[in-house]
């Protein structure tokens, strides 16, 4: 076996997941614990597992979510129980947070809901997947830039999540919405009943491009620094000194708009369809690089080559 992934054993009835050490087996335990807690199971006999996979780790290709989903499915099968793909995706999304990452459910959803021969538009509340027929003859490159980033080992990933949460709260406050009940940027749009394009204009009006300090966030929301740290921020983002709220909100809303535009182009199938889709994907990367800051020089080069 690979020495990077040493053997591990634990009691099936006393699963402990260490958030401070993102070791490979903790992701497996997330999936196991998710199923265990969903069914309220106790006094389990346990199981022996050999894990194999071909997704490059820490490559941005969702190897950790794949392992959580694998563990959830294996546990379900061993127990002889049944769940729908949607239920499995939702359970694995929630249970991956045991490791300390505040992720969404896109990776887990496509892991279970993907079908050969079609792309999927993933939507939430409720979770659903819609087929998107891609153009025949087009080539999509899915590749590893050979740069590694372990999401659970750094705070970068959770900082982005918290920046989006804070941006949502400030946008909600600017529109006299109950900001304390808002967690996601999508909720602001839903409550205002406006388009993504309108949300981009609202973002430009309500937020400034300069980074926000924790003190400024507190001033905008009318709360104390202690309340910000204990009631809103996650444990590993409580010492962050700057939050780029404008950039993160702009990325999220513009990316959502690009996704819908991508689907529309696929449905209408104009003569220059492949060129239009390529332009949207290029815009997406520019936003990821400049507004969400989740790229790197090697990935930028890979995109340029493609």
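The values are calculated or read from the model by the stated rules, or taken from the named source; none is laboratory data. Quick caveat: nothing in here was measured; it's all calculated off a predicted structure. A quick note on method: Cβ atoms are made from the backbone with ideal geometry, for glycine too, and the neighbour counts reach across all protein chains shown.
Count, please, the residues in segment 266-297 that happen to be within 25 Å of the chain's Cα centre (by Cα) and surrounded by 12 or more Cβ atoms within 10 Å (Cβ to Cβ).
First, the residues of segment 266-297 that are within 25 Å of the chain's Cα centre (by Cα): 266, 277-297.
Imposing the further condition that a residue be surrounded by 12 or more Cβ atoms within 10 Å (Cβ to Cβ) reduces the set to 266, 277-296.
So the count comes out to 21.
Restricting to segment 291-306, name every residue that is closer than 23 Å to residue 249 by Cα and in contact (Cβ under 8 Å) with a residue 24 or more places away in the chain. 291, 292, 293, 294, 296, 299 - these are the residues of segment 291-306 that are closer than 23 Å to residue 249 by Cα and in contact (Cβ under 8 Å) with a residue 24 or more places away in the chain. Consider segment 19-40 and keep the residues that are more than 22 Å from residue 52 (Cα to Cα) and not in a helix (DSSP H, G or I). The one that is modelled with the lowest pLDDT is 20. Residue under question is residue 194, and the condition is that it be in contact with a helix residue (DSSP H, G or I) (Cβ under 8 Å, 6 or more places away or on another chain), more than 27 Å from residue 126 (Cα to Cα) and assigned to a loop (DSSP other than H, G, I, E, B); does it hold? So residue 194 fails the test. Taking each residue of segment 1-27 that is under 17 Å from residue 45 (Cα atoms) and not assigned by TED's automatic domain parsing to the domain that holds residue 43 and looking for partners that are modelled with pLDDT under 90 and surrounded by 10 or more Cβ atoms within 10 Å (Cβ to Cβ) with beta-carbon atoms closer than 6 Å, six or more apart or interchain, yields 12/44; 12/46; 13/44. Are any residues in segment 133-154 closer than 28 Å to residue 24 by Cβ and either in a loop (DSSP other than H, G, I, E, B) or modelled with pLDDT of 85 or more (or both), and if so, which ones? Result: 141, 142, 143, 144, 145, 146, 147, 148, 149, 150, 154. As a summary of the residue check, residue 157 satisfies the conditions (1) at pLDDT 90 or above; (2) in contact with a helix residue (DSSP H, G or I) (Cβ under 7 Å, 6 or more places away or on another chain) except for the one numbered (1).
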